[in-house]
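To start, the structure itself, in structure tokens.
The values are calculated or read from the model by the stated rules, or taken from the named source; none is laboratory data. The shown structure was predicted, so the numbers you read here are calculated from the model rather than taken from an experiment. Counting neighbours? That spans all protein chains shown, and the Cβs are built from the backbone with ideal geometry, glycine included. For accessibility, only protein heavy atoms count, side chains too; no ligands or nucleic acids. Shrake-Rupley method; radii C 1.70, N 1.55, O 1.52, S 1.80 Å.
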Amino acid sequence: MKIIKKFYKPFTITYILLSIALGSYPSFDFYTMKGQIIIIIVSIFNGVLGIYVKKL
């Protein structure tokens, strides 16, 4: 359960903040499949790092 919590928190924070940041960028097409896949891949990467990297 701890692993899921360590993955879930950075994943959601990254997804929300990256969606807001890239959604306001005019040439980024947020509502396409390609745009969502980019955001999800970056969020998954950050979630995996949240499992392995401890707080500094």
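The table for this structure:
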| read-out | value |
| --- | --- |
| Positions within segment 29-47 being assigned to a helix (DSSP H, G or I) and open to solvent by 100 Å² or more (accessible area, probe 1.4 Å), in sequence order | Met33, Lys34, Ile41, Phe45 |
| Filtered residues of segment 14-28 (kept if assigned to a helix (DSSP H, G or I), touching a helix residue (DSSP H, G or I) at 6+ places or on another chain (Cβ under 8 Å) and not small (Gly, Ala, Ser)) | Thr14, Tyr15, Leu18, Leu22 |
